[in-house]
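The values are calculated or read from the model by the stated rules, or taken from the named source; none is laboratory data. Note that the structure is predicted; figures quoted are calculated from it, not measured. Cβ coordinates were reconstructed from backbone atoms using ideal geometry, including for glycine residues, and neighbour counts include every protein chain displayed.
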Amino acid sequence: MRKIAITQRLVKNQSYHEIRECLDINFSKLLSDCGFIPIILPYEVDFQNYFSMLQIDGVVLTGGNDLEVCNSNELSFKRDNYEKNVLKFCIKNEIPVFGICRGMQVIADYFNSSFKAINNQVNVRHSLIINTNSRFKKDLQKISEVNSYHDFTIDQLSNELIISATNETEVVKAIEHKTKSIFGQMWHPERESPFSKSQINLIQEFFNENINKVIEISKLASESIMKIYNKNNFEVNYKIDKSPLTDADVTSNKIIIDELEKISKDPLVSEESHIEYKIRKNFKKFWLIDPLDGTKDFISKNGEFTVNIALIYNNQPILGVVCVPKTGDVYYAIKNGGAYKNGVQIFNNSKREDLIGADSRFHSSEQTKAFFKKYNIKKIQKYGSSIKLCKLAEGIIDVYPRLNGTKEWDTAASHIIVQEAGCKIIDIDSKKELLYNKKSIKNNYFIACRNNLSFEL
C-alpha cells in the first residue's frame, strides 16, 4: 500500500505549559478508506528521515492554525516553516502534495500568493464552480457541495498556480500547480460523515494521477495496433540489428510520445527513438517505452504482443503499464501501490513445489533448456513479449529464466508489476534486481521468480 504522510495542527496548552501536536482521528480513517497507509509527521523529528526510511509516496498538508502572514504568532511561524520545508522537499523530489484548508493556503503562500480577511465562510456550505481547464475537473464536478471553515482567502493567486474551483461568490475553493503534482482545497473532507465517495475518488485520482492517464494512453496505442493487425497484410521492414519493424510499431510510438508529452515534462526514451547515453545519463526520471513488444508475435498473429510504458526514477521503475491489445487486458502497478490486472489486485503467493516455468516463443536458448533440466522443471508454458512476466505476477507461472538478449524497454514496465506482486527479477551478474538507464541499454541475463524462490546457474 502507498504511504501518505500527514502534517499536524499545533496547540499551546496553557495548563500544562506545552505545545501539542494534534490531528483529527478521521484523517487517518479517510486516507485508509482511500487505500493508503497514513504516516503522521512530528515536528521535532527531521521529516527527511521519514521519507528516506519509509518511502513516502505523497503528502497531505492539513488544516488548523492561521498562516503567519495572516495572523502572526508562535504556532503559525513554527508550522509555516516546517510545512514549507516539506513542500520544498516534495517539489525537489517530485512527491505529490495535497493541501486541505490551511494546507491549500500554505501552497498558495509558498508560491507568493496574497491573502485577505473574509466573512461568512465559517460553518457554511457552498456549491463549486469548476474551472474547465483544471486537470481534476472530472472528479471535482462530482462533488456537489462542500463545507467551509476559514477566515482568510486568496486575494491574488501566483501565476504558477491556477484556480481549480470557486464558490458561487467567487471565493477560491481549490487550486493546482500548472505543471507539478500539487493540489489544494479549502473544504474539510474529514469532517463529513460519512465520507464523500466523490472526495475519496478525488484523493485517489490525485495520488494515482499518472497511472490512470498512462493506462488510457496504452489503450489508445493498442487500438491503433489492432487496426493494422486486423488488415489482411501489412508491410514488415527490418532495423539495422535485423529486428522487425511494422507500421504498428511506428504508429503506436507516435501516439504514446504525443500523449505523454501532454501530461509530463519528463524525457522519453523509446525503442523507436533511442537517446544516446551521453544525454540520458543525466536523466534522474524518465519514461521508458516499448510501443510494440513482441513484433514477431504480431507478425505471426498469435496475439501475444504488448504495449509497455514505464516511468523510471533513480534507475528503477516506479510505474508500469502493460496492455495486451488483442485481449484488452491491462496490467499495471505503481511503487508501493500493488499490482493489478483490469482493476483487480494480483499477487503471486504460490507455494507449489511442482514448479511451472515460462519460456519465450521466439527467443528460447539452450541455456534456458539446461536451466529447466537442472531444476527438474517439466511444466513449461511458452508466451510472447512481456506477457511472460505478467503471468509470473498473476501466479500462473513460478519462474522465467531469460538467458539471452533483452533490452531495458522490454522489461521495465513489467518489472514494477512483478515487484508489486511479490516477485523479483534478478540480474545474474550482479545478483541484484535489474537496473535501468545503464550505459548499455541491453539487460544482463536474468531470472524472474517468486520472492520465496532462489536459483543459480
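Annotations
- If you go through segment 154-212 and pick out every residue that is closer than 16 Å to Asn133 by Cβ, touching a residue at least 60 places away in the same chain (Cβ under 8 Å) and either polar (S, T, N, Q) or loosely packed, with under 15 Cβ neighbours inside 10 Å (or both), you end up with 1.
- Within segment 44-89, restricting attention to residues that are of a type in the set (Phe, Trp, Tyr) and over 22 Å from Glu190 (Cβ atoms), the residue that is surrounded by the most Cβ atoms within 10 Å (Cβ to Cβ) is Phe51.
- Residue match in segment 265-280 (condition: within 14 Å of the chain's Cα centre (by Cα) and buried (at least 22 other Cβ atoms within 10 Å of the Cβ)): no
- Restricting Asn71, Asn81 to those that are polar (S, T, N, Q) and either on the phi > 0 side of the Ramachandran plot or assigned to a loop (DSSP other than H, G, I, E, B) (or both) reduces the list to Asn71.
- When residues of segment 47-63 are limited to those that are small (Gly, Ala, Ser) and modelled with pLDDT of 90 or more, the one nearest to Gln105 (Cα to Cα): Gly63
- Close pairs from segment 382-398: first at positive phi, partner crowded, with 21+ Cβ neighbours inside 10 Å and among the charged types (D, E, K, R), Cβ under 9 Å, at least 6 apart: Ser385/Asp290; Ser385/Asp293; Ser385/Asp297; Ser385/Glu304; Ser385/Asp410; Gly395/Arg450
- Conditions (1) of a type in the set (Val, Ile, Thr); (2) surrounded by 20 or more Cβ atoms within 10 Å (Cβ to Cβ); (3) touching a strand residue (DSSP E or B) at 6+ places or on another chain (Cβ under 6 Å); number of the one not met by Ile380: (2)
- Extreme residue, farthest from the chain's Cα centre (by Cα), among residues of segment 296-326 that are farther than 15 Å from Lys388 by Cα and of a type in the set (Val, Ile, Thr): Ile299
- Enumerated strands (runs of 3 or more DSSP E) restricted to segment 162-241, each holding at least 1 residues that are among the aromatic types (Phe, Trp, Tyr), at pLDDT below 95 and out of contact with any His (no Cβ under 9 Å at 6 or more places or on another chain): 236-238
- Here Ser218 fits the description: more than 14 Å from the chain's Cα centre (by Cα), small (Gly, Ala, Ser) and closer than 24 Å to Ala310 by Cα.
- Test result for Lys284, surrounded by fewer than 17 Cβ atoms within 10 Å (Cβ to Cβ) and over 26 Å from Lys92 (Cα atoms): no
- Residue in segment 330-351 that is in the same structural domain as Ser243 (by TED's automatic domain parsing), within 25 Å of Lys442 (Cα to Cα) and assigned to a helix (DSSP H, G or I) present: no
- The residue list Asn112, Asn123 contains one member that is without any contact (Cβ under 8 Å) to a residue 60 or more places away in the chain, over 30 Å from Asn314 (Cβ atoms) and part of a loop (DSSP other than H, G, I, E, B), which is Asn112.
- Considering segment 281-295, and only residues there that are touching a residue at least 40 places away in the same chain (Cβ under 8 Å) and more than 14 Å from Ser385 (Cα to Cα), the residue that is farthest from the chain's Cα centre (by Cα) turns out to be Lys281.
- Count of segment 394-412 residues which are crowded, with 18+ Cβ neighbours inside 10 Å, hydrophobic (A, V, I, L, M, F, W, C) and either in contact with a helix residue (DSSP H, G or I) (Cβ under 9 Å, 6 or more places away or on another chain) or farther than 21 Å from Tyr436 by Cα (or both): 3
Results for (1) at pLDDT 95 or above; (2) surrounded by fewer than 20 Cβ atoms within 10 Å (Cβ to Cβ), shown as yes or no for each residue.
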residue: Lys351; (1), (2): no, yes
residue: Leu392; (1), (2): yes, no
residue: Glu420; (1), (2): yes, no
residue: Ile428; (1), (2): yes, yes
residue: Glu433; (1), (2): yes, yes
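- Checking every residue in segment 282-294 against the condition of being assigned to a loop (DSSP other than H, G, I, E, B), at pLDDT below 95 and of a type in the set (Phe, Trp, Tyr) gives at least one match.
- Some residue of segment 7-20 being within 21 Å of the chain's Cα centre (by Cα), at pLDDT 95 or above, of a type in the set (Val, Ile, Thr) and in the same structural domain as Pro189 (by TED's automatic domain parsing): no
- Among residues of segment 174-191, those that are of a type in the set (Asp, Glu) and either within 15 Å of Ile163 (Cβ to Cβ) or out of contact with any helix residue (DSSP H, G or I) (no Cβ under 7 Å at 6 or more places or on another chain) (or both), counted: 1
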